[in-house]
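Engineer: Once you've had a glance at the structure underneath, I'll fire off some questions.
The values are calculated or read from the model by the stated rules, or taken from the named source; none is laboratory data. Remember, it's a predicted structure, so these values are computed and weren't measured experimentally. Cβ sites come from the backbone with ideal geometry, for glycine too, and all protein chains shown count toward neighbours. For the accessible areas, the whole protein counts, side chains as well, though only heavy atoms, and no ligand, DNA or RNA atoms are used. Shrake-Rupley method; radii C 1.70, N 1.55, O 1.52, S 1.80 Å.
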Amino acid sequence: MNREGYLRRVMMSLLCLTLFFTGSISSSAVETTPVEQNGHLKVIGNQLCNQANQPIQLRGMSSYGLQWDNGSKYINYDCLKYLRDNWNINVFRLAMYTREGGYIDDPAVLDTVKKGVEIALELGIYAIIDWHILSDNDPNLHKAEAVEFFEQMSLLYGKYPNIIYEICNEPHDVFWFKDIRPYAESVIEAIRKHDQNNIIIIGTSSYSRDVDIASDNPLSGHNLMYASHFYAGSHGQSVRQQIDYARKNNCAVFVSEWGTTNASGNGEIYPELAKIWIDYLSENKISWCNWSLGDKDESSAILTPGANPKGNWTDAELTESGKFIKTILSTNQ
Ligand code: IDC
């Protein structure tokens, strides 16, 4: 090959390389998952941050009760991918009830939790493993099982940045200092044996509303957050004030469950009141999950009975709440 031919070949190769790299960079930017972008999360002061210490707000859905078909049938790759790609969710909560047919009554529900976690790993979204106490008001009722469960989960999944632990959904008729705090200390210790880093969300008294009370006697340790739950028709300004109080005390708050209805999860929906909450949470970069991804015939569910388990829903398959949440999430409001 003469010198000119050689130079031409070198130039062509350089051009191809440039095209290849710019092409692959721009396509990988589109394809970068939330976890690839943000990595291991951490709490700095009262704020959830990503691996680069930048404040981050996670937004997504909570499953419905996974022991019920209305919830479990939506735990599949297609459905969660649809929610990630079309509704922009970056977090998904796996609500594993303990009673009411849940883990304590039938440990087989764990298979659905594991399936959900593994899908979240594939999709690069954050997954909350929720020990969903409810009728069992006091987390100490099944403390031994919780310690064992979270030790097992942290051993299995603690190495992945996707994982968030929520150790007691909604304690009630118990006290923070006397009941919940000691429970949390034991469960946190069990998790930290295998997972030094991932976020742990701790439920608070009065169905996870009293983050203010918790913040007066917070737990020691890093990457801990306190759960505040609200239902727009039942809880408003005074609950936001409790959150403000906790944050002034340097405690980080995660709204791991909220609904557009009143606290019953059924009846009317309250979009205007919900929007006040959503704006407040965005302004303060407080993360949230909406209740619920399910098709039970109740107004807090986002889906109408029989909606496609694989996602790709028409408007007829979405409830009023579902249409509202879709708009909020997919248009980044
Ligand atoms: C509700 C479900 C409902 C079910 C009930 C009892 O929507 O179908 O019958 O639980 O299992 C919560 C709880 C959450 C509730 C929800 C609505 O965390 O489990 O789900 N809610 O009542 N806290 C406040 C409201």
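Engineer: Which of (1) open to solvent by 60 Å² or more (accessible area, probe 1.4 Å); (2) within 15 Å of the ligand (Cβ to nearest atom) does K285 not meet, given it meets every other one?
Structural biologist: Every listed condition holds for K285 apart from (2).
Engineer: Now a separate question. If you check every pair at least six apart or on different chains, which have Cβ atoms under 7 Å apart with a residue in the range 221-239 that is open to solvent by less than 10 Å² (accessible area, probe 1.4 Å) first and a residue that is among the acidic types (D, E) second?
Structural biologist: A227/E166; H229/E170; H229/E257
Engineer: Right, something else. Give the range 84-118 a look and list any residue that's under 25 Å from P34 (Cα atoms) and open to solvent by less than 10 Å² (accessible area, probe 1.4 Å), or say none.
Structural biologist: W87, I89, V91, F92, R93, L94, A95, M96, V113, G116, V117 - these are the residues of the range 84-118 that are under 25 Å from P34 (Cα atoms) and open to solvent by less than 10 Å² (accessible area, probe 1.4 Å).
Engineer: Could you please let me know if N140 is closer than 20 Å to L48 by Cβ, modelled with pLDDT of 95 or more and out of contact with any Leu (no Cβ under 6 Å at 6 or more places or on another chain)?
Structural biologist: Against the criterion (closer than 20 Å to L48 by Cβ, modelled with pLDDT of 95 or more and out of contact with any Leu (no Cβ under 6 Å at 6 or more places or on another chain)), N140 does not qualify.
Engineer: Can you tell me which residues in the range 133-168 are among the aliphatic types (A, V, I, L, M), open to solvent by less than 20 Å² (accessible area, probe 1.4 Å) and in a loop (DSSP other than H, G, I, E, B)?
Structural biologist: Correct list: I133, I167.
Engineer: Take the conditions assigned to a loop (DSSP other than H, G, I, E, B), without any contact (Cβ under 8 Å) to a residue 12 or more places away in the chain and over 16 Å from S63 (Cβ atoms) and apply them to P171. Does it pass?
Structural biologist: no
Engineer: Next question. Return the residues of the range 43-68 that are farther than 21 Å from G101 by Cβ and either at pLDDT below 95 or not aliphatic (A, V, I, L, M) (or both); say none if nothing qualifies.
Structural biologist: Result: G45, N46, Q47, C49, N50, Q51, N53, Q54, P55, Q57, R59, G60.
Engineer: Name the one entry in Y226, Y207 that is part of a helix (DSSP H, G or I) and within 29 Å of N162 (Cβ to Cβ).
Structural biologist: When all the criteria are applied, what remains is Y207.
Engineer: Turning to a different aspect of this structure: Considering only the range 121-132, I want to know if a residue exists there that is open to solvent by 10 Å² or more (accessible area, probe 1.4 Å), under 17 Å from the mean Cα position of the chain (by Cα) and at negative phi.
Structural biologist: Scanning the range 121-132, I find at least one residue that is open to solvent by 10 Å² or more (accessible area, probe 1.4 Å), under 17 Å from the mean Cα position of the chain (by Cα) and at negative phi, so the answer is yes.
Engineer: Next question, about the same structure. Where the second residue is part of a loop (DSSP other than H, G, I, E, B) and among the aromatic types (F, W, Y) and the first is more than 16 Å from the ligand (Cβ to nearest atom) and lies in the range 116-139, which pairs have Cβ atoms under 8 Å and are six or more apart or on separate chains?
Structural biologist: L121/Y160
Engineer: Is there any pair with a first residue in the range 52-77 that is touching a residue at least 40 places away in the same chain (Cβ under 8 Å) and part of a helix (DSSP H, G or I) and a second that is open to solvent by 20 Å² or more (accessible area, probe 1.4 Å) and within 12 Å of the ligand (Cβ to nearest atom) whose Cβ atoms are under 9 Å apart and which are 6 or more apart or on different chains, and what are they?
Structural biologist: N70/K296; N70/D297; G71/K296
Engineer: Among Y82, Y165, Y97, which is within 16 Å of the ligand (Cβ to nearest atom) and closer than 23 Å to G259 by Cα?
Structural biologist: One residue alone meets the criteria, Y97.
Engineer: For the range 252-282: of the residues being more than 16 Å from the ligand (Cβ to nearest atom) and open to solvent by 10 Å² or more (accessible area, probe 1.4 Å), which is nearest to the chain's Cα centre (by Cα)?
Structural biologist: This residue is S282.
Engineer: For D173, indicate whether it is acidic (D, E), under 20 Å from S72 (Cβ atoms) and surrounded by fewer than 19 Cβ atoms within 10 Å (Cβ to Cβ).
Structural biologist: So D173 fails the test.
Engineer: For T319, work out the one condition from (1) more than 17 Å from the chain's Cα centre (by Cα); (2) surrounded by fewer than 17 Cβ atoms within 10 Å (Cβ to Cβ) it doesn't fulfil.
Structural biologist: Condition not satisfied by T319: (2).
Engineer: Give I201, I191 a once-over and let me know the one that is part of a helix (DSSP H, G or I) and either out of contact with any Lys or Arg (no Cβ under 7 Å at 6 or more places or on another chain) or open to solvent by 10 Å² or more (accessible area, probe 1.4 Å) (or both).
Structural biologist: Testing whether each residue is part of a helix (DSSP H, G or I) and either out of contact with any Lys or Arg (no Cβ under 7 Å at 6 or more places or on another chain) or open to solvent by 10 Å² or more (accessible area, probe 1.4 Å) (or both) leaves just I191.
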